[in-house]
Amino acid sequence: MREGLEKLLAKGQDSAVLRFGLGQACLKDEDYAAAALHLAQAVAQNPHYSAAWKLLGKAQLESGAADARAQAQASWQQGLQVAEQQGDTQTAKELTVFLKRLQKLGASPA
């Protein structure tokens with residue numbers, strides 16, 4: 001699946017939906033840096049794509065970057081705002097849970 005989507009991108013068929021699909025495929029492959037890149041492009045092309053914000057936060061958190069938590073938190077907060085504006089209640093609920101879990105992780109002793 002990922003290879004086919006990458007071919008479409010190489011042919012110039014770039015879109016938020018294509019980038020979302022690529023991001024999902026990269027997450028499945030545990031290629032978190034590539035997933036974050038594609039998902040960031042998806043939300044750049046369509047800032048109202050709440051599902052892309054959700055996966056972007058996941059990719060950022062899993063990336064292992066020094067500021068991974070902060071990146072994920074920012075993406076999930078933006079996604080929550082978008083989901084609420086769009087009436088996407090399921091994604092809003094999921095993002096609320098993710099943000100609460102992230103807050104608990106931050107409160108844990110190091």
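The values are calculated or read from the model by the stated rules, or taken from the named source; none is laboratory data. Bear in mind that the values here come from a model prediction, so they are computed numbers and not experimental data. In this analysis, Cβ positions are derived from the backbone assuming ideal geometry, glycine residues included, and neighbour counts consider all displayed protein chains. For the accessible areas, the whole protein counts, side chains as well, though only heavy atoms, and no ligand, DNA or RNA atoms are used. Shrake-Rupley method; radii C 1.70, N 1.55, O 1.52, S 1.80 Å.
What's the total number of residues in region 1-45 that are part of a loop (DSSP other than H, G, I, E, B) and small (G, A, S)? It would help to see each step written out before you state the result.
Kept after step one, since they are part of a loop (DSSP other than H, G, I, E, B), are these residues of region 1-45: 1, 11-15, 29-31.
Still in the list and also small (G, A, S): 12, 15.
Counting residues in region 1-45 that are part of a loop (DSSP other than H, G, I, E, B) and small (G, A, S) gives 2.
Please verify whether K93 is touching a residue at least 40 places away in the same chain (Cβ under 8 Å) and either surrounded by 13 or more Cβ atoms within 10 Å (Cβ to Cβ) or not small (G, A, S) (or both), treating the condition exactly as stated.
Details: touching a residue at least 40 places away in the same chain (Cβ under 8 Å): no; either surrounded by 13 or more Cβ atoms within 10 Å (Cβ to Cβ) or not small (G, A, S) (or both): yes.
It is false that K93 is touching a residue at least 40 places away in the same chain (Cβ under 8 Å) and either surrounded by 13 or more Cβ atoms within 10 Å (Cβ to Cβ) or not small (G, A, S) (or both).
Only one of (1) closer than 19 Å to Q24 by Cα; (2) in contact with a helix residue (DSSP H, G or I) (Cβ under 7 Å, 6 or more places away or on another chain) fails for T96. Which number is that?
Failed condition: (1).
Results for (1) of a type in the set (S, T, N, Q); (2) out of contact with any Asp or Glu (no Cβ under 9 Å at 6 or more places or on another chain); (3) under 16 Å from L5 (Cβ atoms), shown as yes or no for each residue.
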| site | (1), (2), (3) |
| --- | --- |
| L22 | no, no, yes |
| A33 | no, yes, no |
| Q73 | yes, yes, no |
| Q85 | yes, yes, no |
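Take region 52-75 and flag every residue that is closer than 18 Å to A16 by Cβ and either modelled with pLDDT under 95 or hydrophobic (A, V, I, L, M, F, W, C) (or both).
First pass over region 52-75, keeping only residues closer than 18 Å to A16 by Cβ: 52-60, 75.
A52, W53, L55, L56, A59, listed by residue number.
Scan region 56-84 and report the pairs whose first residue is of a type in the set (D, E, K, R) and whose second residue is modelled with pLDDT of 95 or more, with Cβ atoms within less than 6 Å and a gap of 6+ or a chain change.
As it stands, the answer is E62/Y32; E84/A92, since those pairs meet every condition given.
Count, please, the residues in region 46-90 that happen to be within 22 Å of D31 (Cα to Cα) and either open to solvent by less than 30 Å² (accessible area, probe 1.4 Å) or assigned to a helix (DSSP H, G or I) (or both).
Initially, region 46-90 is screened for residues within 22 Å of D31 (Cα to Cα), giving 49-76, 79.
Next, from what is left, pick out any that are either open to solvent by less than 30 Å² (accessible area, probe 1.4 Å) or assigned to a helix (DSSP H, G or I) (or both): 50-62, 68-76, 79.
Number of matching residues: 23.
Which residues, taken from region 8-41, are of a type in the set (G, A, S) and open to solvent by less than 50 Å² (accessible area, probe 1.4 Å)? Before you say what the answer is, go through the steps one by one.
Within region 8-41, the first condition is being of a type in the set (G, A, S), and the residues that meet it are 10, 12, 15-16, 21, 23, 25, 33-36, 40.
Passing the criteria: S15, A16, G21, G23, A25, A34, A35, A36, A40.
State all residues of region 6-36 that are in contact with a Cys (Cβ under 8 Å, 6 or more places away or on another chain) and over 26 Å from T96 (Cβ atoms); if no residue qualifies, say none. Full working, then the answer.
Residues of region 6-36 in contact with a Cys (Cβ under 8 Å, 6 or more places away or on another chain): 32, 34-35.
The answer is A34, and nothing else.
L102 versus (1) of a type outside the set (S, T, N, Q); (2) farther than 19 Å from A59 by Cβ; (3) modelled with pLDDT under 95; (4) touching a helix residue (DSSP H, G or I) at 6+ places or on another chain (Cβ under 6 Å): which is the lone unmet condition?
Unmet condition: (2).
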